[in-house]
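Chemist: Okay, here's the structure, questions in a sec.
The values are calculated or read from the model by the stated rules, or taken from the named source; none is laboratory data. As the structure is a computational prediction, the values presented were derived from the model and not from experiment. Here the Cβ is made from the backbone with ideal geometry for all residues, glycine too, and neighbour counts use every protein chain on show. In case anyone asks, the SASA skips ligands and DNA or RNA and just uses the protein heavy atoms, side chains included. Shrake-Rupley method; radii C 1.70, N 1.55, O 1.52, S 1.80 Å.
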Amino acid sequence: MIDVVEHEPGCPLDRFGGWLEDAGAKVRVLRPYAGDAVPSTPGDGLIVLGGQVDAYADDAAPWLPATRVLLRAAAADGTPTLGICLGAQLLALACGGTVAVGAAPGRESGVVDVHWRPEAAGDPLLGDLPDPFPGPSMHADAVAELPPGAVWLGSSAMYPHQAFRVGAAAWGVQFHPEVSEPTFAGWARELPDVDAAPVVRELAGRDAEVVAAGRELATRFARIVETAAAPR
C-alpha cells in the first residue's frame, strides 16, 4: 500500500491514481486537512503531494511537522518515497536541506524542460526518462540547499534543484508529473502573478508527451514499491 499525503483538495493525486492502479499498486490517500492522521512510520511506499502553503507554514498547516517526520523516517529506512513540489521541499527540509520561500527567480509556470544530470543515468526512478522531461510547474518556492549527501538529479533553466534523491529510494521532484489540464488550469486561474491562458495552452499542446512521461514515472515508482515490499 502506498500512502499519499494530500495537503489540499485542489492538489490531488490526479492522473497518478489511475496510472499507479494500472501498474498494480494500491493507494491510500490521507487528508490531514480533513482530520486524517499522518502516520509516524511509512508503509510500503509514500507520496507527498503539493500545495499552496510553504514548507515552513506549520501554523497554517499543523500536520506539516508530522509529515516531515514521516519523510525523514522513510528516507532513513529506504521506503520508496516521492515528494512532488511542496512534497519535495518538505523532503529536503526534513533531511537537512533548506527551502527558499518566494525564491528570487520568481514563479516558474507552464511546462518546464527538466534536464537530467549525469548522476541520473543509473537512477532506478529517473534514469533513461525523456531528456528534457516535460514537467508541468506552478511554483514560487524552491529547494535552496539539498540535504547533506543527497544526489542532485535534474535541473531547469530557472531552478537548479528540479529533482534529487535522498538515501536509496526517496525522490523529490519540483515539477508535477501527476497533473491534469483541469487541475493545472485551476491553479493558474487562482494565482494573480500567472497569465493563465498561455500556460494552460502550453500544457494542452504538450499533453501527449506530459502523459507519456508522467505515466512512465508513475509505473516505475509502483514497480520500485512492489519490489521493495516483496518477501525476501
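Chemist: Within segment 33-48, restricting attention to residues that are outside any strand (DSSP E or B) and either open to solvent by less than 20 Å² (accessible area, probe 1.4 Å) or acidic (Asp, Glu) (or both), which residue is nearest to Pro65 (Cα to Cα)? First the steps, then the outcome.
Modeler: Of the residues in segment 33-48, the ones outside any strand (DSSP E or B) are 33-44.
After this cut, where a residue has to be either open to solvent by less than 20 Å² (accessible area, probe 1.4 Å) or acidic (Asp, Glu) (or both) as well, the list is 36, 44.
Numbers: Asp36: 14, Asp44: 21 Å.
The qualifying residue nearest to Pro65 (Cα to Cα) is Asp36.
Chemist: Under the condition of being over 21 Å from Gly17 (Cα atoms) and touching a residue at least 24 places away in the same chain (Cβ under 8 Å), which residue from segment 191-204 is surrounded by the fewest Cβ atoms within 10 Å (Cβ to Cβ)?
Modeler: Keep residues of segment 191-204 that are over 21 Å from Gly17 (Cα atoms), which gives 191-202.
Restricting the remaining residues to those that are touching a residue at least 24 places away in the same chain (Cβ under 8 Å) gives 191, 193-194, 198-199, 202.
Working: Leu191: 15, Asp193: 8, Val194: 18, Pro198: 11, Val199: 21, Glu202: 18.
Here the residue is Asp193.
Chemist: So, one more: Return the pair list, or none, for Cβ contacts closer than 6 Å from residues in segment 32-58 that are farther than 21 Å from Thr79 by Cα to residues that are in a helix (DSSP H, G or I), at least 6 apart or on different chains.
Modeler: Going by the 6 Å Cβ cut-off, the qualifying pairs are Gly51/Leu86; Ala55/Gln89; Ala55/Leu90; Ala55/Leu93; Asp58/Leu64; Asp58/Pro65.
Chemist: What is the number of the single condition among (1) in a loop (DSSP other than H, G, I, E, B); (2) under 16 Å from the mean Cα position of the chain (by Cα); (3) in contact (Cβ under 8 Å) with a residue 60 or more places away in the chain that Glu8 does not meet?
Modeler: Of (1) in a loop (DSSP other than H, G, I, E, B); (2) under 16 Å from the mean Cα position of the chain (by Cα); (3) in contact (Cβ under 8 Å) with a residue 60 or more places away in the chain, only one is false for Glu8: (3).
Chemist: Which of the residues that make up segment 122-143 are closer than 19 Å to Leu49 by Cα and of a type in the set (Gly, Ala, Ser)?
Modeler: Gly135, Ser137, Ala140, Ala142, listed by residue number.
Chemist: Looking at segment 122-168 only, could you name the residues that are among the polar types (S, T, N, Q) and within 16 Å of Gly87 (Cα to Cα)? Write out each step before concluding.
Modeler: Looking only at segment 122-168, we keep the residues that are among the polar types (S, T, N, Q), and these are 137, 155-156, 162.
Scanning segment 122-168 gives Ser137, Gln162.
Chemist: Do any strands (runs of 3 or more DSSP E) entirely within segment 89-179 hold 1 or more residues that are open to solvent by 30 Å² or more (accessible area, probe 1.4 Å) and either aromatic (Phe, Trp, Tyr) or in contact with a helix residue (DSSP H, G or I) (Cβ under 8 Å, 6 or more places away or on another chain) (or both), and if so, which? Lay out the reasoning, then the answer.
Modeler: Numbers: elements: 98-100, 108-116, 133-139, 142-145, 151-155, 163-166, 170-173.
Because the criterion is at least 1 residues that are open to solvent by 30 Å² or more (accessible area, probe 1.4 Å) and either aromatic (Phe, Trp, Tyr) or in contact with a helix residue (DSSP H, G or I) (Cβ under 8 Å, 6 or more places away or on another chain) (or both), the strands (runs of 3 or more DSSP E) in segment 89-179 that meet it are 98-100, 108-116, 142-145, 151-155.
Chemist: If the requirement is being hydrophobic (A, V, I, L, M, F, W, C) and surrounded by fewer than 20 Cβ atoms within 10 Å (Cβ to Cβ), which of these qualifies: Ala25, Ala55, Ala66?
Modeler: Working: Ala25 fails: surrounded by fewer than 20 Cβ atoms within 10 Å (Cβ to Cβ); Ala55 fails: surrounded by fewer than 20 Cβ atoms within 10 Å (Cβ to Cβ).
Being hydrophobic (A, V, I, L, M, F, W, C) and surrounded by fewer than 20 Cβ atoms within 10 Å (Cβ to Cβ) holds for just one of Ala25, Ala55, Ala66, which is Ala66.
Chemist: Is it the case that Ala230 is touching a strand residue (DSSP E or B) at 6+ places or on another chain (Cβ under 9 Å) and under 29 Å from Ala94 (Cα atoms)?
Modeler: Considered against the rule, which asks whether it is touching a strand residue (DSSP E or B) at 6+ places or on another chain (Cβ under 9 Å) and under 29 Å from Ala94 (Cα atoms), Ala230 comes out as no.
Chemist: Return the pair list, or none, for Cβ contacts closer than 6 Å from residues in segment 215-226 that are small (Gly, Ala, Ser) to residues that are surrounded by 23 or more Cβ atoms within 10 Å (Cβ to Cβ) and part of a helix (DSSP H, G or I), at least 6 apart or on different chains.
Modeler: Once the first residue is small (Gly, Ala, Ser) and sits in segment 215-226, its partners that are surrounded by 23 or more Cβ atoms within 10 Å (Cβ to Cβ) and part of a helix (DSSP H, G or I) give Ala218/Phe16; Ala218/Leu20; Ala222/Leu20.
Chemist: Quickly run through segment 60-88 and pick out the residues that are out of contact with any Phe, Trp or Tyr (no Cβ under 9 Å at 6 or more places or on another chain) and closer than 19 Å to Ala140 by Cβ. Talk me through it step by step, then tell me what you get.
Modeler: We begin by selecting, within segment 60-88, every residue out of contact with any Phe, Trp or Tyr (no Cβ under 9 Å at 6 or more places or on another chain); these are 60, 62, 65-79, 86-87.
If the condition is that a residue be out of contact with any Phe, Trp or Tyr (no Cβ under 9 Å at 6 or more places or on another chain) and closer than 19 Å to Ala140 by Cβ, then Ala60, Leu86, Gly87 are the ones that fit.
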